[in-house]
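Reviewing the structure listed below.
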Amino acid sequence: MNPSVAVVILNWNGKAFLEQFLPGVLLSEYDNLQIIVGDNASTDDSIAFIESNFPTVKVLKNDSNYGFAGGYNKILERVDAEYFVLLNSDVEVTPDWIQPVIDLMQSDDNIAAAQPKIKWQLNKNQFEYAGAAGGFLDIYAYPFCRGRLFNVYEMDSGQYNTTEEIFWASGAAFFIKSKYWKETGGLDADLFAHMEEIDLCWRLKNLNYKVVYCPESEVYHVGGGTLQTENPFKTYLNFRNNLIIMQKNLPAGDAIFRIAIRMCIDFIAWWHFLLSGKPKFTMAVTKGHWHFIKDLTKTSRKRKQYQKPYAEHKGVYKNSVVWAFFIRKIKSFSNL
């Protein structure tokens, strides 16, 4: 028998997405599977809708909205399975999306986490922002993907059809062995949302575990279902959280140097938002930096005794992706 898998969809007022995509999840071809919706104290009728229309789906409720990170932590405390799959509510799956990833992860005990190929639900030939063909970080810990650099999305012509060790797996469809989830303590709830999966993958890699991309599995993500891209709060979370995870996971000397450079790069973004007439986004960057600095002591307590040298990690681009994209005009991952 296959190892047990729990697909867990975190929901917050997401009835429309559940109505559209949950039936497809229930058609998943896997023989040792439970489908769970974890609810973050929704105020719509999504839970009543599930209970009326999908009685085989288990519903676990949180007493408040704990965000993506805290919400999943609280739900998964109550789930028993060998593998957890964190699946966004706005993801369309194919019937055979689970088996290839599990087979890959079963082949190597050191593989802790994985993701499928993630394409855009509105154009299924195009890679999607939140994962594409696997997540990477550049020399200053700026995240990007195979198949997506900034706002340029590649079409899928089979160029990324090889299994690869990556730096981070997307939270849109995130596979993890439950024993490693428990070993690392799951997601960092203080991050609330955005980059918490990168932080978890980084902690796994500091423990010498692997994160991989499985091209034999495909899913299709709508994207921006909870926080739209053009949202200052999302900008705030991205800028703040990126600095936090650098402080947590880089070796001490590396952290000081790379964070200093990264904050200078962020200042360029600050000016871009200001000159583009987006004062709310300018303030979001300022607020993100301020809250990072204010919480330096709190974040330092989360550092583990050992951080693996950054350049030794698989999935690190040894140059600046910002420089490559904006100055050298490189628009695709394969040309980096």
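The values are calculated or read from the model by the stated rules, or taken from the named source; none is laboratory data. Worth saying up front: this structure is predicted, and the values here are computed from it rather than measured. Glycine gets a Cβ as well: all are built from the backbone with ideal geometry, and neighbour counts include every protein chain shown.
When the residues of the stretch 4-25 are filtered to those that are of a type in the set (G, A, S) and in a loop (DSSP other than H, G, I, E, B), which remaining residue is farthest from D90 (Cα to Cα)?
Per the stated criteria, the residue is S4.
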Inspect the stretch 116-125 for any residue being at pLDDT 95 or above, closer than 26 Å to I244 by Cβ and not in a helix (DSSP H, G or I) and give the result as yes or no. yes
Looking at the stretch 258-280, can you tell me whether even one residue there is farther than 27 Å from G131 by Cα, part of a helix (DSSP H, G or I) and basic (K, R)? no
Under the condition of being touching a helix residue (DSSP H, G or I) at 6+ places or on another chain (Cβ under 8 Å) and either small (G, A, S) or in a loop (DSSP other than H, G, I, E, B) (or both), which residue from the stretch 321-336 is nearest to A113 (Cα to Cα)? L336
Within the stretch 289-303, track down each residue that is part of a helix (DSSP H, G or I) and over 16 Å from A141 (Cα atoms). W290, H291, I293, K294, L296, T297, K298, T299, S300
Test set (1) at pLDDT 95 or above; (2) crowded, with 17+ Cβ neighbours inside 10 Å - G67 fails condition number: (1)
Residues located in the stretch 270-297, provided they are surrounded by fewer than 16 Cβ atoms within 10 Å (Cβ to Cβ), farther than 16 Å from I259 by Cα and free of Cβ contacts under 8 Å to residues at least 24 places away in the same chain: W271, H272, L274, L275, S276, G277, K278, P279
Tell me whether the stretch 26-43 contains one or more residues that are surrounded by 16 or more Cβ atoms within 10 Å (Cβ to Cβ), touching a residue at least 60 places away in the same chain (Cβ under 8 Å), part of a loop (DSSP other than H, G, I, E, B) and among the small types (G, A, S). yes
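Rundown of residues vs (1) among the basic types (K, R); (2) over 26 Å from H313 (Cβ atoms); (3) in contact with a helix residue (DSSP H, G or I) (Cβ under 8 Å, 6 or more places away or on another chain), yes/no style:
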position: K124; (1), (2), (3): yes, yes, no
position: A130; (1), (2), (3): no, no, no
position: D138; (1), (2), (3): no, no, yes
position: Y153; (1), (2), (3): no, no, no
Subset of the stretch 150-176, residues outside any loop (DSSP other than H, G, I, E, B) and either surrounded by fewer than 23 Cβ atoms within 10 Å (Cβ to Cβ) or among the aromatic types (F, W, Y) (or both), comes to V152, Y153, M155, E164, E165, W168, F174, F175
Which pairs have Cβ atoms under 7 Å, sit 6 or more apart or on different chains, and link a residue in the stretch 79-98 that is at pLDDT 95 or above to one that is of a type in the set (K, R)? E82/K177; Y83/K177
Across (1) crowded, with 17+ Cβ neighbours inside 10 Å; (2) within 28 Å of F326 (Cβ to Cβ), N123 clears everything bar (1)
Residue set V25, V59, V8; condition more than 19 Å from A172 (Cβ to Cβ) and touching a strand residue (DSSP E or B) at 6+ places or on another chain (Cβ under 8 Å); output residue V59
Starting from residues that are assigned to a helix (DSSP H, G or I) and within 17 Å of I261 (Cβ to Cβ), keep the ones in the stretch 241-251 and report whichever is farthest from the chain's Cα centre (by Cα). Q247
Residue check, N208 surrounded by fewer than 18 Cβ atoms within 10 Å (Cβ to Cβ) and either at negative phi or not in a loop (DSSP other than H, G, I, E, B) (or both): no
Number of positions in the stretch 44-74 that are in a helix (DSSP H, G or I), out of contact with any helix residue (DSSP H, G or I) (no Cβ under 7 Å at 6 or more places or on another chain) and hydroxyl-bearing (S, T, Y): 2
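Based on what the data block shows, is A133 modelled with pLDDT of 95 or more, among the small types (G, A, S) and part of a strand (DSSP E or B)?
Working: modelled with pLDDT of 95 or more: yes; among the small types (G, A, S): yes; part of a strand (DSSP E or B): no.
So A133 does not fit the description; no.
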Criterion (crowded, with 20+ Cβ neighbours inside 10 Å and at positive phi) met by exactly one of M195, M246: M195
